[in-house]
1. Angle, helix 3-15 long axis vs. longest principal axis of the chain, Cα atoms, 0 to 90°, nearest 10?
2. A 18 angstrom limit on the alpha carbon distance is what I want to check against. Which of K6/K32; K6/K75; K31/K66; K6/K62 exceed it?
3. Each label point is 7 Å from the Cα along the Cα-to-Cβ direction; what then is the distance between the points at F4 and K73, in nm?
4. Within segment 33-55, name every residue whose backbone N is under 12 Å away from a label modeled 7 Å from Cα of N26 along the Cβ vector.
5. Using θ = phi - 60° and the Karplus relation 6.51 cos²θ - 1.76 cosθ + 1.60, list the HN-Hα couplings for segment 65-71 in order, rounded to whole Hz, with x at every Gly or Pro.
6. To the nearest 20 Debye, how big is the dipole of the chain about its Cα centre, given +1 on the beta carbon of each Lys and Arg and -1 on that of each Asp and Glu?
7. So I have (1) 49; (2) 36; (3) 39, and one of them is percent of Cα pairs over 18 Å apart calculated from this model. Which one is it?
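No value in this document is a laboratory result; all are computed from the given coordinates. Because the structure is a prediction, the values reported are computed rather than measured. Don't worry about glycine lacking a Cβ; one is built from the backbone with ideal geometry, like all the others, and counts go over all protein chains shown.
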Amino acid sequence: MNDFLKFIESKIKKNIKTESILVVDNTALHKKHKFFDSKKYHLKVEIKSIYLSSLGRIRAHKEVMKILTEELKSKIHALELKIK
């Protein structure tokens with residue numbers, strides 16, 4: 001796992017109580033997309049969290065997006081979230 005993926009995992013863990021978290025870089029799957037930018041990531045994040053599950057899907061996604069605000073502006077092009 002590269003340093004940026006570890007950073008994302010760490011940042012989420014620091015701000016949300018999680019039972020487990022998996023961060024996957026799917027950037028290579030999007031190389032042929034029209035707006036592909038090799039400097040930005042396409043990430044899939046799976047989070048098992050009793051706390052997030054209790055919030056409901058939309059509110060849980062907003063919580064994660066709020067934590068990653070700066071990264072979404074500069075380094076993340078797409079973020080797929082799965083809350084368990």
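1. 20
2. Values: K6/K32 26 Å; K6/K75 14 Å; K31/K66 27 Å; K6/K62 21 Å.
Correct reply: K6/K32; K31/K66; K6/K62.
3. Taking the simple label geometry, F4 and K73 are separated by 1.7 nm.
4. Hits in segment 33-55 for N26 at 12 Å: 42-46.
5. 4, 5, 5, 9, 3, 5, 5
6. Numbers: 20 positive and 10 negative charges, 40 e Å.
Dipole magnitude for the chain comes out near 200 debye.
7. The listed entry that was calculated here is (3).
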